[in-house]
Amino acid sequence: MKRIYLDHSATTPLDKKVLAEMMPYFKNNFGNASSLHHFGQEAMKGIDWAREQLSHFFNCQPKEIVFTSGASEADNLAIRGIIRYCNLKFSDKKFHIITSAFEHPAVLEVCQALERENLAEVTYVKPKTNGLIAVEDIKKAIKENTILVSIMYVNNEIGTIQPIAEIGEMIQQLNSSRDKNNIIFFHTDAVQASLYCPMDVNKLKVDLASISAHKIYGPKGVGALYVREKTPLKAIMFGGHQENGVRPGTYNTAGIVGLGAAVELINNGTRAKENKKIKILRDKLIAGLTKKIKNTLINGDLKHRVEANANISFLNAEGESILLMLDMAGIAVSTGSACASGSLEPSHVLLSLGRKHEECHAAIRFTLGKDNTLAEINQVIKVLPPIIERLRKMSPMK
């Protein structure tokens, strides 16, 4: 049985070109990049090359790139790093963070931890029912002690694209009238946006941005945080002086080169053509499933959405059962964020849109990739309707 993979928002397969770039750093260029001898410097050349690729990607200076173990660490560093700086400088003041109610757990749980530790107060702005954050709602939430706004670029479950540049513009205007010791910094978790959306940090007007390699056909276990020059970020881990003292630890050289190689493919424009194909297949999937299966809900705005994502609630059918039956049929999908898999709680993302618990539990996330084919999409459209029919006959909610 040929298996069909439609869970690219959880992770993408490693691109062959990316693997080829990584291989020398598993073999000949194995040195510790912090070492001054030949072996170390050969490894550092790979890291410098990757840093250059990311500087083109973000349209920033190479020194503004901090390599991490992934986007979760990058999010933690961005949020805790800003708050730690502020708390050290202004120990008598409690600072305010604004984020959204449907962020990835790597942002939400950091903010919740800061609240429990009494290190910050947090406002969680709700999206509209279409899965979009309103700039005006962010503006209304800003207080005198607001120090950080963190809004994800693309939602990981429903794929909606947030107005990051507009939020950045609003914050920039507010900062022009605030004291220099009281400006607001702007962070975005751009993990799901990297393949599909403009990433020029100057146009987005962000101070910090997190990305992850394994969401863009790179390796797992490596990511990066863009940090605009003069953004006051304090380290949250200790034990080394790598990355200008902001992020300690021996360099994951092969992984960093893999991230650079994955970004290089985006820089070279190879993904744009693939994304057009992905959108055609995604639209066919939605049209085919909603035509053949009645009582469905599309979760999130279809216009302001990345090309790969389709999140659909199949009413009166349980999402985890759908996932398992599709898997037995050789089709891999998700019921939501991979980081939340195993949880029996309804999706916090869908709840934030106003969906009922039963509508949340009926949701399936399909996320396509560059190697998916029309034949695979047709197979899903063929296989899924009888699965839903069978589950609905068994459902006590019918």
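Structure summary
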| read-out | value |
| --- | --- |
| Residue 72 being closer than 22 Å to residue 164 by Cβ and either modelled with pLDDT of 95 or more or not hydrophobic (A, V, I, L, M, F, W, C) (or both) | yes |
| Among residues of the range 154-188, those that are of a type in the set (D, E, K, R) and out of contact with any helix residue (DSSP H, G or I) (no Cβ under 7 Å at 6 or more places or on another chain), counted | 4 |
| The range 285-306, subset closer than 20 Å to residue 127 by Cα and assigned to a loop (DSSP other than H, G, I, E, B), residue nearest to the chain's Cα centre (by Cα) | 306 |
| Helices (runs of 4 or more DSSP H) contained in the range 329-398 and holding at least 1 residues surrounded by fewer than 16 Cβ atoms within 10 Å (Cβ to Cβ), at pLDDT 95 or above and over 24 Å from the mean Cα position of the chain (by Cα) | 374-394 |
| Residue that is nearest to residue 268 (Cα to Cα) [pool: residues in the range 14-32 that are touching a Gly at 6+ places or on another chain (Cβ under 8 Å) and among the hydrophobic types (A, V, I, L, M, F, W, C)] | 18 |
| Total residues in the range 253-273, condition surrounded by fewer than 18 Cβ atoms within 10 Å (Cβ to Cβ) and within 16 Å of residue 16 (Cβ to Cβ) | 2 |
| Contacts under 8 angstrom Cβ, first residue in the range 152-166 being at positive phi, partner hydroxyl-bearing (Ser, Thr, Tyr), 6 or more apart | 159/9; 159/367 |
| Top-ranked residue of the range 187-216 - restricted to ones that are among the basic types (Lys, Arg) and surrounded by fewer than 24 Cβ atoms within 10 Å (Cβ to Cβ), ranked as farthest from residue 268 (Cα to Cα) | 205 |
| Positions within the range 109-129 being touching a residue at least 12 places away in the same chain (Cβ under 8 Å) and in contact with a strand residue (DSSP E or B) (Cβ under 7 Å, 6 or more places away or on another chain), in sequence order | 111, 114, 120, 121, 122, 123, 124, 125, 127 |
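Here's the yes/no breakdown for (1) without any contact (Cβ under 8 Å) to a residue 40 or more places away in the chain; (2) among the aliphatic types (A, V, I, L, M); (3) closer than 30 Å to residue 202 by Cβ:
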site	(1), (2), (3)
5	no, no, no
12	no, no, yes
15	no, no, yes
18	no, yes, yes
40	yes, no, no
48	yes, no, yes
60	no, no, yes
64	no, no, yes
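Conditions (1) more than 30 Å from residue 136 (Cβ to Cβ); (2) part of a loop (DSSP other than H, G, I, E, B); (3) under 28 Å from the mean Cα position of the chain (by Cα), marked per residue:
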| position | (1), (2), (3) |
| --- | --- |
| 10 | yes, yes, yes |
| 46 | yes, no, yes |
| 51 | yes, no, yes |
| 67 | yes, no, yes |
| 78 | no, no, yes |
| 88 | yes, no, no |
| 92 | yes, yes, no |
| 102 | no, yes, yes |
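The values are calculated or read from the model by the stated rules, or taken from the named source; none is laboratory data. Since this is a predicted model, take the numbers as computed values, not measurements. Note: ideal-geometry Cβ built from the backbone for every residue, glycine included; neighbour counts use all protein chains shown.
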